[in-house]
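The values are calculated or read from the model by the stated rules, or taken from the named source; none is laboratory data. Note that the structure is a prediction, hence the values are computed from the model and not measured. As a convention, Cβ positions derive from the backbone with ideal geometry for all residues, glycine included, and neighbour counts pool all protein chains shown. For the accessible areas, the whole protein counts, side chains as well, though only heavy atoms, and no ligand, DNA or RNA atoms are used. Shrake-Rupley method; radii C 1.70, N 1.55, O 1.52, S 1.80 Å.
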Amino acid sequence: MTGTVTDATGKPVEGALVQVNSHEMHPLPDIAVHSLPDGHYSWPSLEPGKYQFTALKDGKTGPAVEVTIDGPTTADLRLP
């Protein structure tokens, strides 16, 4: 699972925390993933299923993006 975190103007966001949640998959890996200087993030080894990804930084939380993982998947996240 990979993607890019951007701000409302489309600029990459460095250091955003990318969280994952799932109502289907329990337990989830206890891993903290942060975006790189170019906004890119990578979440390792998620089992196939439905997940919700959210980016957080400086007290701002972006909307959750629901993703079905069944192979290599990309989800871009946006902060307000």
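Looking only at residues in region 19-41 that are at pLDDT 95 or above and outside any loop (DSSP other than H, G, I, E, B), which one is least open to solvent (accessible area, probe 1.4 Å)?
Tyr41
For region 66-77, name all the residues that are within 15 Å of Ser42 (Cα to Cα) and part of a strand (DSSP E or B).
Residues satisfying the conditions are Val67, Ile69, Thr74, Leu77.
Checking the conditions here, which among Thr4, Thr54 is assigned to a strand (DSSP E or B) and touching a His at 6+ places or on another chain (Cβ under 7 Å)?
The unique qualifying residue is Thr4.
Against the conditions (1) open to solvent by 40 Å² or more (accessible area, probe 1.4 Å); (2) in contact with a Lys or Arg (Cβ under 8 Å, 6 or more places away or on another chain), where does Lys11 fall short? Just the number, please.
Here Lys11 clears every test but (2).
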